[in-house]
Amino acid sequence: MEKVFNNQDTAIIVGGTGLYIKSFCYGIDEVPAILQGIRDEIIANYHAKGLDWLQQKVRLQDPVYFASGEIKNPRRLIRALEVKLSTGKSIVDFQTQKKIQRQFNIIQVGLELPREQLYHQINLRVDNMISAGLPEEVEQLQSLQHLNALQTVGYRELFDHLDGKLSLAEAIDAIKINTRHYAKRQMTWFKKDGTIRWCNPDFNQVMQLIKNAG
């Protein structure tokens with residue numbers, strides 16, 4: 001951003017997860033490096049023994065996080081457990097949530113569609129991904145499906161198809177449903193941020209909103 005502002009007065013940053021945007025605007029807590037062997041062992045045990053095992057391990061190892069954290073989210077549980085086993089400290093100890101002061105003004109704009117239109121576009125996007133070769137891509141990655149990075153919507157459902165748990169049609173429907181659920185969770189996350197200004201995805205409206213806010 002410093003390089004951008006050497007030549008421009010304004011920068012438009014598009015996209016990113018809720019956590020990415022929050023980190024960009026306010027900073028992110030630093031956590032010490034995690035031992036790769038510990039992470040690999042936790043992930044292997046989780047895939048072999050399931051969520052109940054993971055929850056019990058976190059409950060015993062890091063009761064502070066377990067009492068207030070997302071105990072149904074395996075990624076968060078894995079993260080909490082690997083931090084505890086690698087550092088000896090609860091992940092809560094590293095979550096200071098200190099906001100940093102950026103050297104530029106930030107205006108957050110959220111684009112909002114009617115739900116019916118949003119869901120239609122999600123369904124259409126999934127159909128386009130399937131036509132563009134997503135099943136073939138996932139098939140090439142089948143031997144790596146245990147990796148945390150591939151436990152995401154689109155991959156997970158097609159892995160179930162390749163493992164014989166779902167038909168292709170059922171997998172496609174599951175991707176659409178899970179993507180819609182993900183979009184709903186995203187909106188819930190962003191709606192909590194009172195600094196976001198919402199408008200229709202119209203270029204002129206967006207630019208006018210930015211101009212008024214600036």
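Key figures
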quantity	calculated
The range 85-99, residues that are open to solvent by less than 80 Å² (accessible area, probe 1.4 Å) and more than 14 Å from residue 41 (Cα to Cα)	87, 88, 90, 91, 92, 94
Any chance residue 72 is loosely packed, with under 11 Cβ neighbours inside 10 Å, of a type in the set (D, E, K, R) and within 17 Å of residue 45 (Cα to Cα)	yes
Residue in the range 130-138 that is at pLDDT below 95 and among the small types (Gly, Ala, Ser) present	no
Condition check for residue 155: within 29 Å of residue 41 (Cα to Cα) and hydroxyl-bearing (Ser, Thr, Tyr)	yes
The listed residue being under 24 Å from residue 37 (Cα atoms) and of a type in the set (A, V, I, L, M, F, W, C), out of 60, 118	60
Of the criteria (1) outside any loop (DSSP other than H, G, I, E, B); (2) more than 23 Å from residue 179 (Cβ to Cβ); (3) in contact with a helix residue (DSSP H, G or I) (Cβ under 9 Å, 6 or more places away or on another chain); (4) of a type outside the set (A, V, I, L, M), which one residue 135 fails	(2)
Number of positions in the range 76-118 that are over 30 Å from residue 51 (Cα atoms) and in a helix (DSSP H, G or I)	4
Residue in the range 184-207 that is assigned to a helix (DSSP H, G or I) and touching a Cys at 6+ places or on another chain (Cβ under 7 Å) present	yes
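Yes/no per residue for (1) open to solvent by 70 Å² or more (accessible area, probe 1.4 Å); (2) at pLDDT 90 or above:
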position	(1), (2)
125	yes, yes
170	yes, yes
178	no, yes
197	yes, yes
214	yes, no
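The values are calculated or read from the model by the stated rules, or taken from the named source; none is laboratory data. Owing to the predicted nature of the structure, the values given are computational and were not obtained by experimental measurement. All Cβ positions, even for glycine, are placed from backbone atoms using ideal geometry, and neighbour counts span all protein chains on display. All accessible areas refer to the heavy atoms of the entire protein, side chains included, with ligands and DNA or RNA removed. Shrake-Rupley method; radii C 1.70, N 1.55, O 1.52, S 1.80 Å.
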